[in-house]
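Note sheet for the following structure.
The values are calculated or read from the model by the stated rules, or taken from the named source; none is laboratory data. Predicted model, so just to flag it, every value in this text is computed and none were measured. Heads up, the Cβs are rebuilt from the backbone with ideal geometry, glycines too, and the neighbour counts pull from every protein chain shown.
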Amino acid sequence: MTIQLGQTAPDFRQESTHGEIRFHEWLGSSWGLLFSHPKNFTPVCTTELGEVARLRPEWDRRDVKPIGLSVDPVEAHHKWEADIEETQKARPDFPMIADPAAKVSALYGMIHPESDPVLTVRSLFVIDPSKKIRLILTYPPSTGRNFHEVLRAIDSLQLTDTRSIATPANWSPGEPVVISPKLSDEEAKRQFPQGYRTLKPYLRLVDLETSIR
């Protein structure tokens, strides 16, 4: 199964370190971060789970619920959590899905046909409160995921969902944003009375600090 942006995230019921998860029900009205690992007790993923745990205040500030997944059973997840706490000084406080039959992995297209058929690839999905998939990232085994980039992308998604704007390359919160080309100059002036800069008719930049309502 191929998952694409804008599709509804597939629902599922699966065991986890926090008990049975009914995914859509568990998400509720929050954003979700679903990320997979090839297997337990792997070095790169150990550092990633520790980082997600350390970033708990940032997920909470954005109303994002993180949830991990591996093909190993729940018992192995709990043992891995102890290793993560020992080596990373942070214990995961979010659920880790046990997917030994690769049910969820197949549902989300996490197993690459050219890869080991029993291991998930390192995929990451950001899901919005309407259960739509908004971001998909897949990393190679040798490269740890940059969760600060994930936070930046979520900031962009949450900001642009409420305004007729987009965020430019390398954008960080507080920096100028791009006004949608769909807005006429008249409408842009109405929505952004503080003024904006026109570099080209299709490229207009605005500082939002004084205009967020």
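State all residues of segment 138-166 that are under 22 Å from THR2 (Cβ atoms) and modelled with pLDDT under 95; if no residue qualifies, say none. If the condition is that a residue be under 22 Å from THR2 (Cβ atoms) and modelled with pLDDT under 95, then THR138, TYR139, PRO140, PRO141, ARG145 are the ones that fit.
Quick grid of which residues meet (1) in contact with a Pro (Cβ under 6 Å, 6 or more places away or on another chain); (2) closer than 19 Å to PRO129 by Cβ; (3) outside the structural domain of LEU137 (by TED's automatic domain parsing):
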residue: GLY6; (1), (2), (3): no, yes, yes
residue: ARG22; (1), (2), (3): no, yes, no
residue: PRO38; (1), (2), (3): no, no, no
residue: PRO66; (1), (2), (3): no, yes, no
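Within 16 Å of VAL126 (Cβ to Cβ) and β-branched (Val, Ile, Thr): does that describe THR17? Against the criterion (within 16 Å of VAL126 (Cβ to Cβ) and β-branched (Val, Ile, Thr)), THR17 does not qualify. Condition check for ASN146 on (1) under 30 Å from LYS200 (Cβ atoms); (2) free of Cβ contacts under 8 Å to residues at least 12 places away in the same chain: one failure, at (1). Pairs meeting the criteria (first residue in segment 126-138 and touching a residue at least 60 places away in the same chain (Cβ under 8 Å), second residue of a type in the set (Phe, Trp, Tyr), beta carbons under 8 Å, at least 6 apart or on different chains) are VAL126/TRP31; ILE127/TRP31; ASP128/TRP31; PRO129/TRP31; ILE133/PHE125; LEU135/PHE125; ILE136/PHE125. Considering only segment 54-67, I want to know if a residue exists there that is crowded, with 16+ Cβ neighbours inside 10 Å and out of contact with any Leu (no Cβ under 8 Å at 6 or more places or on another chain). The answer is no, given that none of the residues of segment 54-67 is crowded, with 16+ Cβ neighbours inside 10 Å and out of contact with any Leu (no Cβ under 8 Å at 6 or more places or on another chain).
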